[in-house]
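The values are calculated or read from the model by the stated rules, or taken from the named source; none is laboratory data. Worth saying up front: this structure is predicted, and the values here are computed from it rather than measured. No Cβ is skipped: glycine too gets one built from the backbone with ideal geometry, and neighbour counts run over all protein chains shown.
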Amino acid sequence: MLPAEMQVRDYVTGLIKETYKSFGFSPIETPCVEHIENLCSKQGGDNEKLIFKIMKRGDKLDVKNAESESEVTDSGLRYDLTVPLSRFYANHANELPSPFKALQIGSVWRADQPQHGRFRQFVQCDIDILGEAGCLAEIELILATTTLLGRLNFSNFKVRLNERRILKAMALYSGFAEEQFDQVFIILDKMDKIGWDGVKAELTETGFDMEKVERYIHMFAELQESEDGLGYLEEKLSGILEDGVIGNLRTIRKSVESAKACEFELVFDPTLVRGMSYYTGTIFEIEMEEFSSSVAGGGRYDRMIGKFTGKDVPACGFSIGFERIITILMEQGFEIPGASVKKAYLVEKKMPAEKLTEVLKEAKAERENGVQVLVTMMNKNKKFQKEQLMKEGYEEFREFFNR
């Protein structure tokens with residue numbers, strides 16, 4: 001990463017920490033390397049297929065006599081920050097306040113095909129609230145994340161909101177068996193790309209009963225035509241959907257709309273699925289016109305920590321796509337607001353110590369006044385040297401000669 005991009009990344013990282021700390025989130029650190037059984041717990045969806053696995057070390061590694069992968073692999077690089085957070089909380093719950101609001105910024109790894117805004121190693125930025133069962137957790141997470149985006153001058157983006165329990169209730173109402181839900185949701189998740197005709201065709205080709213498929217698709221059509229989608233579902237799924245689910249979504253929507261710090265649209269989207277199988281309740285994503293996919297996403301995962309402790313803990317998190325945000329800002333030519341003046345002092349080579357000392361003292365005085373000063377030797381091709389420094393943001397130049 002070149003210096004110009006690193007300056008933007010450092011600025012955004014600082015703004016993230018400042019904004020999230022103002023909402024009461026506390027920074028923590030978790031390991032990059034995890035036990036392989038934790039990473040392969042069937043909680044991470046397709047990401048578990050993309051784990052960088054680490055072979056055993058020293059005497060423990062016996063490749064020649066190994067009969068399976070598990071005999072030579074015992075750990076891997078984390079593919080997200082949620083699994084390490086769950087283990088962290090399981091180990092330290094007694095030392096932490098309840099609820100606990102965690103902030104993590106760190107690298108994760110996925111053995112993916114690199115492409116625009118998608119890398120094998122990339123930074124994730126997560127905020128999570130552990131121990132809060134009510135919808136205040138969702139409200140705070142959405143407000144904190146959207147406040148950050150507003151401070152980066154993003155506006156008119158869309159926050160999509162749904163509930164995994166609504167997805168399950170709609171599938172159950174249509175006649176699908178519970179063991180078929182995941183397969184149904186995987187196909188529904190493709191709706192943006194293949195349309196409703198494609199969803200219907202793929203559900204049918206998979207072998208699902210046509211009557212169930214028709215009932216399922218028809219419900220979404222009625223939902224789209226309804227003026228109050230939540231009200232429609234509350235009536236349609238009465239006796240199937242858990243009490244309080246619709247009320248929670250209404251509270252989240254009303255609260256966020258009344259307290260938001262920038263302009264964006266909050267919409268209920270019954271087709272939002274999110275791939276992680278560990279989600280148990282509310283799920284949400286943020287999409288922008290500037291990017292072809294979501295730039296942030298998250299949801300409630302009330303059963304993950306119980307995998308480590310044997311006792312479920314309410315948990316909800318929101319992860320911002322740090323790399324995608326940086327990609328958008330760099331493509332827009334983002335300039336860091338209020339950045340200090342950058343000056344370059346070009347010093348002629350073989351300058352006597354007493355004259356060089358004067359230059360260094362002057363640079364020191366400038367730095368004490370908040371100016372960023374680079375002291376460097378003058379190249380023969382001064383024009384090219386200055387052009388390169390200008391690309392790094394240096395606006396003023398002074399030349400010091402040995403005479």
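The residues in the stretch 347-363 that are aliphatic (A, V, I, L, M) and over 16 Å from R398 (Cβ atoms) can be counted, and the count is 1. Looking across the stretch 326-360, the residues that are out of contact with any strand residue (DSSP E or B) (no Cβ under 6 Å at 6 or more places or on another chain) and charged (D, E, K, R) come down to E331, E335, E348, K350, E354, K355, E358. The requirement of being among the small types (G, A, S) and more than 30 Å from F23 (Cα to Cα) is fulfilled somewhere in the stretch 238-249, by at least one residue.
In the set K350, K361, K355, K343, only one residue is part of a helix (DSSP H, G or I), more than 25 Å from R165 (Cα to Cα) and touching a residue at least 40 places away in the same chain (Cβ under 8 Å); that residue is K355.
When you go through E366, E399, E323 one by one, which is the residue that is farther than 28 Å from T147 by Cα and part of a helix (DSSP H, G or I)?
Answer to the check: E366.
State whether one or more residues within the stretch 21-30 are part of a helix (DSSP H, G or I) and either surrounded by 12 or more Cβ atoms within 10 Å (Cβ to Cβ) or out of contact with any Cys (no Cβ under 8 Å at 6 or more places or on another chain) (or both). Yes, that holds for at least one residue.
Out of everything in the stretch 132-146 that is in contact with a Phe, Trp or Tyr (Cβ under 8 Å, 6 or more places away or on another chain) and either crowded, with 18+ Cβ neighbours inside 10 Å or of a type in the set (D, E) (or both), what residue ends up being farthest from V313 (Cα to Cα)? Before the answer, list the steps.
Looking only at the stretch 132-146, we keep the residues that are in contact with a Phe, Trp or Tyr (Cβ under 8 Å, 6 or more places away or on another chain), and these are 138, 140-146.
Within this subset, residues satisfying the condition of being either crowded, with 18+ Cβ neighbours inside 10 Å or of a type in the set (D, E) (or both) are 138, 140-142, 144-146.
Working: E138: 15, E140: 18, L141: 17, I142: 20, A144: 22, T145: 23, T146: 26 Å.
This residue is T146.
Against the conditions (1) of a type outside the set (A, V, I, L, M, F, W, C); (2) in a helix (DSSP H, G or I); (3) touching a Lys or Arg at 6+ places or on another chain (Cβ under 8 Å); (4) at pLDDT below 90, E37 satisfies every one except (3). Here F318 does not qualify as touching a helix residue (DSSP H, G or I) at 6+ places or on another chain (Cβ under 9 Å), within 26 Å of K236 (Cβ to Cβ) and among the hydrophobic types (A, V, I, L, M, F, W, C). Close contacts from the stretch 39-64, counting a first residue that is surrounded by fewer than 15 Cβ atoms within 10 Å (Cβ to Cβ) and a second that is at pLDDT below 80 and not charged (D, E, K, R), with Cβ to Cβ under 7 Å and a gap of 6+ residues or different chains, come to K42/S277; D46/G275; M55/L61.
Checking the stated criteria, K254 turns out not to satisfy the condition of being assigned to a strand (DSSP E or B) and farther than 22 Å from A102 by Cβ.
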